[in-house]
């Protein structure tokens, strides 16, 4: 089996990480927190004052997301067949970003406006779907050639 086929899964992970980084930039450039923080406050009020979802200051929010993007990028070399823990992480990573992209698109369509982060949502959605597909391929044995056993 060609080496590049073995690496499609990690390429899909890297693509989602790049799309996530682009999405963070999109949200930051379009003042996401001015929409998010009031929405979070309304949700907390409707839940009787529970501290969820949290509100953020811009520096804390941006720093946290940058750390997460860098951590996910650092995991890219670990995305290879044979690592069971990364399968769970890949499915969760893909699903979270598919849901995030769909939420941005839905809010924009329902509200008739461009919600902060919607411009990068198609890339986030496509990359999330690709990661899910490559995770299934890497773990199901549907790609050509022998599969390494999961550890």
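Only one of (1) in contact with a helix residue (DSSP H, G or I) (Cβ under 8 Å, 6 or more places away or on another chain); (2) at pLDDT 95 or above; (3) not in a helix (DSSP H, G or I) is not met by residue 126, so which one is it?
Condition not satisfied by residue 126: (3).
Give, as residue ranges, the helices (runs of 4 or more DSSP H) completely inside region 1-90 that count at least 1 residues that are within 19 Å of the chain's Cα centre (by Cα). Give the steps one after another, and end with the answer.
Values: elements: 3-6, 8-29, 32-46, 58-74.
Because the criterion is at least 1 residues that are within 19 Å of the chain's Cα centre (by Cα), the helices (runs of 4 or more DSSP H) in region 1-90 that meet it are 8-29, 32-46, 58-74.
Residues of region 106-141 being at positive phi and either in contact (Cβ under 8 Å) with a residue 60 or more places away in the chain or surrounded by 15 or more Cβ atoms within 10 Å (Cβ to Cβ) (or both), which ones?
So the first thing to find is which residues in region 106-141 are at positive phi, and the list is 112, 117, 141.
Selection gives 117 alone.
Could we say that residue 106 is under 16 Å from the mean Cα position of the chain (by Cα) and modelled with pLDDT of 95 or more here? Lay out the reasoning, then the answer.
Values: under 16 Å from the mean Cα position of the chain (by Cα): no; modelled with pLDDT of 95 or more: yes.
Answer is no for this residue.
Here are some residues: 77, 81, 51. Which one is farther than 22 Å from residue 124 by Cα and surrounded by fewer than 17 Cβ atoms within 10 Å (Cβ to Cβ)? I'd like the intermediate steps shown before the answer.
Working: 77 fails: farther than 22 Å from residue 124 by Cα; 81 fails: surrounded by fewer than 17 Cβ atoms within 10 Å (Cβ to Cβ).
After applying the criteria, what remains is 51.
The values are calculated or read from the model by the stated rules, or taken from the named source; none is laboratory data. In this text the structure is predicted, and so the values were computed from the model without any measurement. With ideal geometry, Cβ positions are generated from the backbone for all residues, glycine too; neighbour counts draw on all protein chains shown.
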